[in-house]
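Asker: Structure incoming, see below.
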Amino acid sequence: MRSVHVMNELQQDRTLGLLNAIEENSQASQRELAKHTGVALGLVNSYIKRCVKKGWIKISDAPANRYLYYLTPQGFIEKARLSARYLSDSFAFYRQAAASCEDLLDFLVLHNKKRIVIAGASNLAEIFILKSLEKELSIIAVYDPNYIGKRFLTTPVSNIWHIDDEIDAVVLCAIDQPNKIYNNLVQKVKVEDVHVPDILVRWFGCKL
C-alpha cells in the first residue's frame, strides 16, 4: 500500500537526518538533535534506540550526565545508502511538488487569496514558500504542532494555533499524518479555506 511505503520513506528520511546530525556533532544532546532534525524530542529518542538496536549508533557516557553518540562503521554504510536513495527520490519529488505548488498558487492568486498560512513544516512547505516568492501573495506563518524552532526558512512558526492576523487560506503541506492535520485544521477554519496540493494525495495518501 502507498501509505505504508510513504511511512517507510518518512522513517528513512528521519533516520538519515539523525545520522547526519550525529556525524556533525557527537556531543549534541537529544534536544539539539531534535532541533536539527525538526521532530519532537520523544521521537528522536525512539529513533536513537532503533539505530542503536540496528548497530548504526554507539552511545558512551560523558561528563555532566551527558552522552556521546557515534556512528559505527555500519552506521556510515547505512548513511551512505540512505543519502543515495534520498537524492534519487528527491529529484522526482521536487519536480512533481513544484508543479503541484505552482498550480495551487495560481488558483489562490486567481481567487484573490493572498494571505496564506501553511500547515506543516516539511520539504513540501519549503517548495511552496520558495515558489510563492514569484507570486503576489504573502506567507503569514507556518503552523506545525510538532516543529521545534521559531522559524521555517524566514517564516515564523507556531506549534499552537493562535493566528490572529486575518488570513485568506490555509495550505496543507504536512507530509507526516496529513489527514490528521487536515481534520485538525477544519475545526479551526472553514473547510473551503483549507487547500491541499494534489501531490499530497498522489504521494502521501491524503484523503479529503
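The values are calculated or read from the model by the stated rules, or taken from the named source; none is laboratory data. Everything numeric here is computed off the predicted structure, so don't read it as measured data. Cβ sites come from the backbone with ideal geometry, for glycine too, and all protein chains shown count toward neighbours. Just so you know, the surface numbers come from the protein's heavy atoms only, side chains and all, with ligands and any DNA or RNA stripped out. Shrake-Rupley method; radii C 1.70, N 1.55, O 1.52, S 1.80 Å.
Asker: Would you tally the residues in the range 108-155 being in a helix (DSSP H, G or I) and either in contact with an Asp or Glu (Cβ under 9 Å, 6 or more places away or on another chain) or modelled with pLDDT under 90 (or both)?
Answerer: Of all residues in the range 108-155, those in a helix (DSSP H, G or I) come to 108-110, 123-132.
If we keep only those that are either in contact with an Asp or Glu (Cβ under 9 Å, 6 or more places away or on another chain) or modelled with pLDDT under 90 (or both) as well, we get 108-109, 123, 125, 131.
Counting residues in the range 108-155 that are in a helix (DSSP H, G or I) and either in contact with an Asp or Glu (Cβ under 9 Å, 6 or more places away or on another chain) or modelled with pLDDT under 90 (or both) gives 5.
Asker: Going residue by residue through the range 106-115, is there one that turns out to be surrounded by 15 or more Cβ atoms within 10 Å (Cβ to Cβ), under 18 Å from residue 38 (Cβ atoms) and either basic (Lys, Arg) or out of contact with any Gly (no Cβ under 6 Å at 6 or more places or on another chain) (or both)?
Answerer: no
Asker: When you scan the range 176-208, how many residues do you find that are modelled with pLDDT of 85 or more and closer than 25 Å to residue 14 by Cα? Outline the logic, then answer.
Answerer: First, the residues of the range 176-208 that are modelled with pLDDT of 85 or more: 178-200.
Then drop every residue that is not closer than 25 Å to residue 14 by Cα, which leaves 178-185, 196-200.
Residues in the range 176-208 being modelled with pLDDT of 85 or more and closer than 25 Å to residue 14 by Cα: 13 in total.
Asker: Of everything in the range 156-181, what is open to solvent by less than 40 Å² (accessible area, probe 1.4 Å), without any contact (Cβ under 8 Å) to a residue 60 or more places away in the chain and not in a loop (DSSP other than H, G, I, E, B)? Give them in sequence order.
Answerer: Those that are open to solvent by less than 40 Å² (accessible area, probe 1.4 Å), without any contact (Cβ under 8 Å) to a residue 60 or more places away in the chain and not in a loop (DSSP other than H, G, I, E, B): 157, 158, 170, 172, 178.
Asker: Does at least one position in the range 127-144 carry a residue that is closer than 21 Å to residue 17 by Cβ and free of Cβ contacts under 8 Å to residues at least 24 places away in the same chain? Quick ask: steps written out before the conclusion?
Answerer: Taking the range 127-144 as the starting set, the residues that turn out to be closer than 21 Å to residue 17 by Cβ are 127-130, 142, 144.
Cutting the leftovers down to free of Cβ contacts under 8 Å to residues at least 24 places away in the same chain gives us 130.
Among the residues of the range 127-144, at least one is closer than 21 Å to residue 17 by Cβ and free of Cβ contacts under 8 Å to residues at least 24 places away in the same chain, which makes the answer yes.
Asker: Restricting to the range 31-83, count the residues that are open to solvent by 90 Å² or more (accessible area, probe 1.4 Å), hydroxyl-bearing (Ser, Thr, Tyr) and assigned to a helix (DSSP H, G or I).
Answerer: Final tally of qualifying residues: 0.
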